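These notes are about the structure you will find just below.
The values are calculated or read from the model by the stated rules, or taken from the named source; none is laboratory data. These numbers were taken from a predicted model, which means no experiment stands behind them. Quick reminder, even Gly has a Cβ in these numbers, built from the backbone with ideal geometry, and neighbours come from all protein chains shown.
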Amino acid sequence: MSEAKVGIIMGSASDRPVMQAAADLLTQLGVPYEIDIVSAHRTPEKMFNYAQQAHKRGLQVIIAGAGGAAHLPGMVASLTPLPVIGVPIKSSNSIDGWDSLLSIVQMPNGVPVATVAVNAAQNAGILAAQIIATSNPNLLQQLIAFKEELKAKVIKASEEFKK
């Protein structure tokens, strides 16, 4: 069984700069994760195995980023009992990220994929941590502190703005 609680997967290496934000956020919160390239179109057998085995390896949430046709999050969601968070990626072959967003968000009933904004992998990391925090009081306290830091930054910016 893996120590990782979150699986971060993406369709290609070019997605890494976007998906790194999820990894960085999980690192900041101390949530163990694994990260890999799993292409729905070029390595479907790997995708099937990854999705079907994820819960058996101890993962609790999967974050799947994809650009263009963006089938990875939905296909993974169809194969796993775990919650899947989709990150639409504005890639070189996408239509400003809209095709990816619509491919991920328009899932049929019975195969949900929680979807964040285009390139918003940090939000996917936060959402994954919040899901895990429902049964992890220490992580819940870290998330409360994280949100308080966000609040403090806005208050400070507001005060400086008024000067």
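In table form, for the structure just shown:
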quantity	calculated
Members of the stretch 93-117 that are within 16 Å of ASP15 (Cα to Cα), among the aliphatic types (A, V, I, L, M) and buried (at least 16 other Cβ atoms within 10 Å of the Cβ)	LEU101, ILE104, VAL116
Residue, surrounded by the most Cβ atoms within 10 Å (Cβ to Cβ), within the stretch 1-31, restricted to residues that are out of contact with any helix residue (DSSP H, G or I) (no Cβ under 8 Å at 6 or more places or on another chain) and outside any helix (DSSP H, G or I)	SER12
Per-region count, the stretch 43-70, residues farther than 16 Å from ALA124 by Cα and at pLDDT 95 or above	16
Given (1) modelled with pLDDT of 95 or more; (2) out of contact with any helix residue (DSSP H, G or I) (no Cβ under 7 Å at 6 or more places or on another chain), number of the condition GLY125 does not satisfy	(2)
Residues of the stretch 71-89 satisfying the condition of being crowded, with 24+ Cβ neighbours inside 10 Å, of a type outside the set (Val, Ile, Thr) and in contact with a strand residue (DSSP E or B) (Cβ under 6 Å, 6 or more places away or on another chain)	LEU72, PRO73, ALA77, GLY86
Verdict on GLN60 being in contact (Cβ under 8 Å) with a residue 40 or more places away in the chain and either under 23 Å from THR134 (Cα atoms) or in contact with a helix residue (DSSP H, G or I) (Cβ under 8 Å, 6 or more places away or on another chain) (or both)	yes
Which numbered condition ALA129 fails, given (1) without any contact (Cβ under 8 Å) to a residue 24 or more places away in the chain; (2) crowded, with 17+ Cβ neighbours inside 10 Å; (3) not β-branched (Val, Ile, Thr)	(1)
Tally of residues being within 20 Å of ALA128 (Cβ to Cβ) and in contact (Cβ under 8 Å) with a residue 12 or more places away in the chain across the stretch 41-55	6
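Yes or no, residue by residue, for (1) in a strand (DSSP E or B); (2) over 20 Å from GLU34 (Cα atoms); (3) of a type outside the set (Gly, Ala, Ser); (4) under 12 Å from the mean Cα position of the chain (by Cα):
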| residue | (1), (2), (3), (4) |
| --- | --- |
| SER103 | no, yes, no, no |
| ASN109 | no, yes, yes, no |
| ALA117 | no, yes, no, yes |
| ASN123 | no, no, yes, yes |
| LEU127 | no, no, yes, yes |
| GLU148 | no, yes, yes, no |
| GLU160 | no, yes, yes, no |
